[in-house]
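The values are calculated or read from the model by the stated rules, or taken from the named source; none is laboratory data. All values derive from a computational prediction rather than experimental measurement. Using ideal geometry, Cβ is built from the backbone for each residue, glycine included, and neighbour counts are taken over all protein chains shown. Side chains are part of the model used for accessible areas, which takes the heavy atoms of the whole protein and leaves out ligands, DNA and RNA. Shrake-Rupley method; radii C 1.70, N 1.55, O 1.52, S 1.80 Å.
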Amino acid sequence: MSTLTHDTTPTAEPSATPRPTTAARRRRTTPNTLLSKGVVNGLLIVAAGYTLMPVTWLLFAATKDHRDLFATSGFAFGDFNLLANLHQVLTFNDGIYLRWFGNSVLYSVVGSAASTFICVATGYAFDKYDFRGKEKLFGLVLGGVLVPTTVIQLPMYLLATKAGVVNTYWALLLPALVNPFGVYLARVFSEGYVPNEILEAARVDGAGELRTFARIALPMLAPGFMTIFLFSFTASWNNFFGALVMLNDEQLYPVNLGLFMWNSVTQQQPEFYSLVITGSLVAVVPLIVAFVCLQRFWRSGLTAGAVK
């Protein structure tokens, strides 16, 4: 009786090609790659410096008194006078600057919140409902993005005159409600964040269309809401020409128009330079705070619809 024996020793598998390690990949970096990275990083540094230079100059200038403002370099400190400058700005002419600052907050926060809600509701309707001529109407809304705001200021002024709202808060709040780019963003966010199956389930459970939007769709669109709000807030805060056309009463001025009026008298009264510079520094603080706190929404808004 013969016994068959089998060699149970596992045969050696052909060794797979080893993947290059991170260090190996780094060693393979070509000079062209390094040159490209260096050029790109250099351009970014130049762009960042160019962007930050005016704010940096503003920060230095706001700390100087009137003599050091013209006697020292723009990027050098003089006698530290920032607190005195702030006190002068906030108390000048019975605190008119605070009034302008409050007006800017009103125009930007209230107007942007109302505009954002309208945009989200409109974008949701364009996305979730089918009706005759929907795409043509949406294209007409998008056409508004191509029209420069400056071009329509005169027609808007004539309409506001007919409506009797010139030189009132409504003269800036009502035009701020229209935001075609916000409608586009809201439709993109609705397509990505609100599944149709969830809406159908809500309707099956007896929820009406308004309740479905308010209780289900709107919370799911919160990232899109914040993104559109941030865009609208920035545009409203920087809206200078609209305020210049619509407003005559300095009590209704936003802060940028008030600073422009102060700056217009600096040739006759040079002491207004300190007021304008320090007031400008205070005026950019809300934008910086909003951008830092909400930058993740800003980035998502910039890339929304990029792969459509």
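Structure data summary
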item: Calculated FRET value between LEU294 and LEU59, using beta carbons and R₀ = 25 Å, to 0.05; result: 0.65
item: Solvent-accessible area per residue, Å², over segment 92-136 with all protein chains present [probe radius 1.4 Å]; result: 50
item: Number of Lys pairs (Cα under 22 Å; 8 or more positions apart or on different chains) in the chain; result: 4
item: FRET efficiency, 1/(1 + (r/R0)^6) with R0 41 Å, evaluated for PHE117 and ASN93 via beta carbons; result: 0.70
item: Label-point separation in nm, LEU244 to LEU159, each point 7 Å along Cα→Cβ; result: 2.2
item: Sequence of ASP94, ASP127, ASP68, ASP249 from largest to smallest accessible area, 1.4 Å probe; result: ASP94, ASP249, ASP127, ASP68
item: Cα gyration tensor shape of the chain, rounded if a/c is under 1.5, else prolate or oblate by comparing a/b with b/c; result: oblate
item: Portion, in percent, of the accessible area of segment 87-215 that falls on carbon or sulfur, probe 1.4 Å; result: 67
item: At R0 = 41 Å, FRET efficiency that the Cβ-Cβ distance of THR168 and ASN41 yields, to 0.05; result: 0.20
item: Under Karplus coefficients 6.51, -1.76 and 1.60, residue-wise ³J(HN,Hα) of segment 110-118 in Hz, glycine/proline x; result: 5, x, 5, 5, 5, 5, 5, 4, 5
item: Karplus-derived 3J(HN,Hα), 6.51/-1.76/1.60, for each residue of segment 63-70, Hz, glycine and proline x; result: 8, 9, 7, 5, 5, 5, 4, 9
item: For segment 149-247, accessible area per residue (1.4 Å probe, heavy atoms of protein chains only), Å²; result: 53
item: For segment 32-145: rounded, prolate or oblate by the Cα gyration tensor [a/c cutoff 1.5]; result: oblate
item: Residue among LEU230, LEU43, LEU59 with the largest mean-square fluctuation in a Gaussian network model of the chain, springs linking Cα atoms under 10 Å; result: LEU43
item: Net charge of Cβ neighbours under 15 Å - reference ALA201; Lys, Arg +1; Asp, Glu -1; result: 0
